[in-house]
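J.: This is the structure I want to talk about, given as structure tokens.
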Amino acid sequence: LTAAKVKAAVGIKSGDWFNAEAVENAVTSLTGVAGLLGYAFADIDPAYQRDAEKRLMNITFKVGDTPRVYVERIEIEGNTVTHDKVIRREFRLNEGDAFNALKVKRSQDRLQSLGFFQENLEIKQTEGSGPDRVVLGVDVEEKATGELSVSGGYSSLERFVLQLSVAQRNFMGKGQELNAGINYSRYSRSLQLGFMEPYLFDKQIALGGEIYRRDYSNFNFIGGERNKSYSQVSTGLGLRMGFPVTEFINFGSRYSLA
């Protein structure tokens, strides 16, 4: 870290009011800059020199030499349902890679966006078997990923109406999505089943689909009597596929046949 990079990251200028919180933020910022360069355990020490008569405080940020760090291993704890590989595939670093704080933060964001674990999930860094080794650890707390919805009613036209749907966003702990739904009434019935595999053959290719069947009867009233005018039965399927173009951009396509 050159003096120019340190000054740019500190953000404190001569003439500013002294603020202890600003100094702490500067240390955090410097630690982040060092982390991007592969130094997980940056040695940053702010030293103070106070001039009481002039009411001045001089601050010296001392950045000690530390070795570049490599990921020794990734440890995962707390998952009782979710498979290890579902968590590991969201890491942007692998064991043996050079440490990179930005990739650690991105890995943390990807795990959080799965929706399988607690809020404010954190990947922690501890020293490994040597000063140039770091262990990345995450202790997850799983939360419910299934949904069940049941509703019913009564209509003078259709009599009893029933709706049932079930969904699981982490099917069998494999990160797969499964959903099904049934609607039933006297003149309308439908059935739908869907499935999504986000990592086809352990590659970052999402493939899924759904099948459905709908049975609908239309009617009218003539002379106070209900008469069926026509019936319609439709069966179809849909396919979805997607893959990442960059870390933040995905491509997706959909095909439907009815």
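J.: Spelling out what I want: for every residue of region 158-173, take phi, set θ = phi - 60°, compute 6.51 cos²θ - 1.76 cosθ + 1.60 (Karplus), and round to whole Hz; glycine and proline get x.
T.: For region 158-173, the Karplus curve yields 9, 6, 6, 10, 10, 10, 9, 9, 9, 9, 9, 8, 9, 5, 6, x Hz.
J.: Which entry in [x] 2.09; [y] 1.07; [z] 1.61 is this structure's computed Cα Rg over 2.2 N^0.38 Å?
T.: The value matching this structure is [z].
J.: Whenever you get a sec, line up Tyr39, Tyr230, Tyr199 from highest to lowest accessible area (probe 1.4 Å, protein heavy atoms).
T.: Result, largest first: Tyr230, Tyr39, Tyr199.
J.: Related question: For the chain, calculate the relative contact order in percent as a whole number, restricting contacts to Cα pairs under 8 Å that are 6 or more residues apart.
T.: 10 percent.
J.: I've got another one for you. Placing +1 on the Cβ of each Lys and Arg and -1 on the Cβ of each Asp and Glu in the chain, which of Gly35, Ser149, Leu239 has its Cα farthest towards the positive end of the resulting dipole?
T.: Of the listed residues, the answer is Leu239.
J.: Now, a different point. How large is ³J(HN,Hα) for each residue in region 22-28, as worked out from phi by the Karplus curve 6.51 cos²θ - 1.76 cosθ + 1.60 (θ = phi - 60°), to whole Hz, x for Gly and Pro?
T.: 5, 5, 4, 5, 5, 5, 4
J.: On to the next question. May I ask what percent, to the nearest 5, of DSSP beta bridges between residues of the chain are antiparallel?
T.: Rounded to the nearest five, the antiparallel share is 90 percent.
J.: Can I ask one more? In square angstrom, what is the accessible area per residue of region 68-194 with a 1.4 angstrom probe? Show your work: numbers first, answer last.
T.: On the way: 7330 Å² over 127 residues.
Per residue, region 68-194 has 58 Å² of solvent-accessible surface.
J.: Next question. Of all the accessible heavy-atom surface of the chain, with the other protein chains kept in place and a 1.4 Å probe, what percent is carbon and sulfur?
T.: After summing per-atom areas, the C and S share lands at 53 percent.
J.: Could you please report the charge total around Glu127, scoring K, R as +1 and D, E as -1 over all other residues with beta-carbon less than 10 angstrom from its beta-carbon?
T.: -1
J.: What net charge do the residues around Asp109 carry, taking every other residue with its C-beta under 14 Å from that of Asp109, with Lys and Arg at +1 and Asp and Glu at -1?
T.: Computed value for this residue: +1.
J.: For region 122-139, what does the Karplus curve 6.51 cos²θ - 1.76 cosθ + 1.60, with θ = phi - 60°, yield as ³J(HN,Hα) per residue in whole Hz, taken in order and with x for Gly and Pro?
T.: In residue order, the calculated couplings are 9, 9, 9, 10, 10, 5, x, 6, x, x, 9, 10, 10, 10, 9, x, 9, 10 Hz.
J.: Same structure, new question: How large is the convex hull of the C-alpha atoms of region 152-258 per residue, in Å³?
T.: 128 Å³
J.: I need the peptides 209-216, 99-106 ranked by packing, meaning the mean over residues of other C-beta atoms within 10 angstrom, with the highest value on top.
T.: Working: 209-216: 15.4, 99-106: 18.1.
Answer by packing, highest mean first, reads 99-106, 209-216.
J.: Taking H placed 1.01 Å from N in the peptide plane, check which residues at least 5 places from Arg133 or on another chain put their amide H under 5 Å from its amide H.
T.: Tyr70, Gly128
The values are calculated or read from the model by the stated rules, or taken from the named source; none is laboratory data. For clarity, every value in this text was computed on a predicted model and none was experimentally measured. Using ideal geometry, Cβ is built from the backbone for each residue, glycine included, and neighbour counts are taken over all protein chains shown. Protein only, heavy atoms only, side chains kept; ligands, DNA and RNA dropped before computing areas. Shrake-Rupley method; radii C 1.70, N 1.55, O 1.52, S 1.80 Å.
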